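Scroll down for the structure; my scribbles are underneath it.
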Amino acid sequence: MGRGDAEEVSPPVSSPELEQDDGDDDCYLSDQEDDALEESVLQVLEDGHLEDCHWSSSSVITKEYLLGAQKEDLRKMIELLGLKEHHARTLLIHYRWDVERIFELLDQKGRDRLFSEAGIPLRSTSNAGLPSVTEVTCNVCYDDVPISAVSEMDCGHNYCNQCWTEYFIVKINEGQSRRVKCMAPKCNAICDEALVRKLVSAKCPDIAERFERFLLESYIEDNDTVKWCPSTPHCGNAIRVKGDIHCEVECTCGRQFCFNCSSEAHSPCSCVMWELWIKKCRDESETVNWITVNTKPCPKCHKPVEKNGGCNLVACICGQAFCWLCGGATGRDHTWSSISGHSCGRFTEDQSTKTEQARRDLYRYMHYHNRYKAHTDSLKQEAKLKRDIQWKISISENKDSKIKDYSWVINGLNRLFRSRRVLSYSYPFAFYMFSDEIFKDEMTPQERELKQNLFEDQQQQLEFNVERLSGFLEKDFQNFADDEVMDTMKHVINLSNVVDRLCKQMYQCIENDLLYPLRTPHNIAPYKSKGLDRASELHICLDSAEQSSQSMKYSHDEHKTQPGLHSNESGSSLLGKRPILPLHGSSSDNSGRPSHKRERKSGGALFDLNVPAELADKS
Amino acid sequence: MVDVSRVQKELTECNRDSAISGVSIALHDGGSSISHLTGTIAGPQDTPYEGGTFRIDIRLPGGYPFEPPKMQFITKVWHPNISSQNGAICLDILKDQWSPALTLKTALLSLQALLSTPAPDDPQDAVVAQQYLRDKSTFLNTARYWTEAFAKSDSTGMEEKVQKLVEMGFPEDMVRSALLSVNGDENMALEKLCSS
Ligand SMILES: [Zn+2]
Ligand SMILES: [Zn+2]
Ligand SMILES: [Zn+2]
Ligand SMILES: [Zn+2]
Ligand SMILES: [Zn+2]
Ligand SMILES: [Zn+2]
Ligand SMILES: [Zn+2]
């Protein structure tokens, strides 16, 4: 999407690199130039016009930052709305950590309604609620308890500490710890987390730890814009996306995934289509279906026999002839519709059309699946192809030749991989786009045919050029003379650009001509000419974070210092050098940039956030 | 695990004024387990349940009172929010709206209130709820009949009477409505059946 706009925003300029290649007019832009272009587009996007396009940027939240990120959001609430920490958290959890929405609603609903809907008591009670006696009767255990052993919530309800503790433990064990309501009937107030922490840790430290972990993970579990990276074994990271959540991201661990459904990146297939497709591929129900519809066991040797041709007399390789309709053994003497000496009378039009339908469905599935598989299989060769090419480049570079720059090979190869991905996922897309399974009443048969032709035309063009590009990249250019190398280079650069343009066009066709007219909205992740966005690392403004860390008490040491402050200790010099951004991460431009994995600290943390709580609790 | 002292206090407190409240609780089958109880509710006035006594099976989970008690009608009852099959109850305070500050007595009183004001939009028994919404008079008749047949102490002989009349050749539904209309008098019912 982005690049489509790019050309309108700032027209292509010729790059210095290309001018060396004696200015071949047929050569389109090089990838380097595209990067420059895209940066200007990003700038434009960030300056405004974010609304109507699939804009999104992602940032990775490592376990060190998980706390920092939520502290930052909490701090905003505490400072701007004058809330206590547990009320700020209650509000954020209720509105799924969407700070902007909270401020929007504050305008629309007003403070009182916003708070009471989230379970924050409006009045701040003084301890006047507790009678001035030394003992009270707890309304849960009916025991008389000294006033010192009673706790009151902000809503004014009070019970004995022992009852509160039991209650909190039951709630935490039920997994409800993010929103523990007051014990009083019909009271919606959320309990003070400091009290929960204090009482529970005195009795069951392990349960208090779970409570703490649940609070921490709420930032991910109750947050539509943050998801755990689906890597296994889990890398410990979560990814936060700003903007359209229909996008594909890459974690710093290298795992690429569809942010919306956490499955592998599958665009231009939609999440719905992808889910159906993997299910279909998994159970191969078509094949089973086909075998049951298209074969019958031989009455003599019991092998499955396929019907070939229109007549109902079938012959097994064992020599036995039998009637297709009833499965009974017969002689071989027959006409088109009857077998002599045999009358089962089961021939019906219905039977044969059902068979035909099953056969057609299977062939349709096989058609798409074969092509899908051909491209995914080629992708599996990715690593090997890359190694081969590197080897060819190293030979070429050491050759006695005036050509020293072979970056076009790598650029071409990356283009090949990206476009193969697009092609591969375009087959399951087409399989569902032009069938009744999802879009039964969306198109008339005529419309469907028209659109299918339009799409397949683009798909075929793309496929044709991808294979050509692949052909040129497989050439043994290391053995070529200079002019042959130049010729190959021109073709590779040319085809790379053609293929990129065709991918873009196919996405435009999908988004504008196929999906846009649908009555039920259907979204796909946008085309990324440069490959997936790698999530940028999250940085927190130190000044404000430091301020807030003073106002917040956390039980363990790690939380007191902000990550980033001691980045040098943890061995990640990268952090120190990079500018500290305000909380939201920005889309990082990463094409060709070496992967900057950061070492994660392991000591000091109270819990192992490498596994989400549910998993950890099960083990 | 169950807070025994609290449950004992609850029982005493509940049974103290059961004549007025219409609800009472006892150990199940006179047994000895404090976590298995039986509650009784008097059918509320001006409802098809009036005059009936409804028995409820009460089981207290280990986390009681921090977890809700499990309640189920033992007595068969025709009501949109109570299963006509197994007596399961659809009531919010027995699920997520339970509060440890509520008691078994308040829960039984809520059940009594539920008998007075059914909530057919959130049904436990879809068949009953449909009938309640579409054919109120049939609903009232059936509910009344079930109360007669299952919730009254003298209803023990009811099934025998039905059986006897059915064996004489009358259709069961006619037998039941005839018996119902004459308050279970076998001879009067027979007369009625013969004259119709
Ligand atoms: Zn207490
Ligand atoms: Zn309260
Ligand atoms: Zn990861
Ligand atoms: Zn998806
Ligand atoms: Zn055979
Ligand atoms: Zn034949
Ligand atoms: Zn036959």
Of A:Ala265, A:Ala321, A:Ala315, the only residue that is more than 45 Å from the chain's Cα centre (by Cα) and either within 16 Å of ligand 4 (Cβ to nearest atom) or modelled with pLDDT of 80 or more (or both) is A:Ala321
Of the residues in the stretch A:444-460, those that are surrounded by 14 or more Cβ atoms within 10 Å (Cβ to Cβ) and in contact with a Leu (Cβ under 9 Å, 6 or more places away or on another chain) number 4
Condition check: at pLDDT 85 or above and within 14 Å of another protein chain (Cβ to nearest Cβ). Does A:Lys203 satisfy that? yes
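Each row is one residue, and each column tells you yes or no for (1) open to solvent by 50 Å² or more (accessible area, probe 1.4 Å); (2) of a type in the set (S, T, N, Q); (3) under 16 Å from B:Leu109 (Cβ atoms).
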{"position": "B:Thr12", "(1), (2), (3)": "yes, yes, no"}
{"position": "B:Ser32", "(1), (2), (3)": "yes, yes, no"}
{"position": "B:Ser35", "(1), (2), (3)": "no, yes, no"}
{"position": "B:Pro44", "(1), (2), (3)": "no, no, yes"}
{"position": "B:Pro48", "(1), (2), (3)": "no, no, no"}
{"position": "B:Phe54", "(1), (2), (3)": "no, no, yes"}
{"position": "B:Gln72", "(1), (2), (3)": "yes, yes, no"}
Taking the stretch A:176-195 and the residues there that are at pLDDT 85 or above and away from every other protein chain (no Cβ under 14 Å), the one that is surrounded by the most Cβ atoms within 10 Å (Cβ to Cβ) would be A:Ile190
Reported set for the stretch A:399-425 where residues are assigned to a loop (DSSP other than H, G, I, E, B) and not β-branched (Val, Ile, Thr) is A:Lys399, A:Asp400, A:Ser401, A:Lys402, A:Lys404, A:Asp405, A:Tyr406
With criteria (1) out of contact with any Asp or Glu (no Cβ under 6 Å at 6 or more places or on another chain); (2) part of a helix (DSSP H, G or I), B:Lys161 comes up short on (1)
If we keep only residues of the stretch B:97-117 that are open to solvent by 30 Å² or more (accessible area, probe 1.4 Å) and in a loop (DSSP other than H, G, I, E, B), then the residue nearest to B:Lys136 (Cα to Cα) is B:Thr117
Of the conditions (1) modelled with pLDDT of 90 or more; (2) within 23 Å of A:Tyr167 (Cα to Cα); (3) within 14 Å of chain A (Cβ to nearest Cβ), the single one that B:His36 does not satisfy is (3)
Quiz item: For the stretch A:154-175, does any single residue satisfy the condition of being at pLDDT below 85 and either over 18 Å from A:Lys71 (Cα atoms) or of a type outside the set (Asp, Glu) (or both)?
Solution: yes
For this session: May I ask you to verify whether A:Arg255 is away from ligand 3 (no atom under 16 Å from the Cβ) and open to solvent by 30 Å² or more (accessible area, probe 1.4 Å)?
Result: no
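The values are calculated or read from the model by the stated rules, or taken from the named source; none is laboratory data. If you're wondering where the values come from, they're calculated on a predicted model, not measured in any experiment. Here Cβ is always computed from backbone atoms with ideal geometry, including for glycine, and neighbour counts include all displayed protein chains. For accessibility, only protein heavy atoms count, side chains too; no ligands or nucleic acids. Shrake-Rupley method; radii C 1.70, N 1.55, O 1.52, S 1.80 Å.
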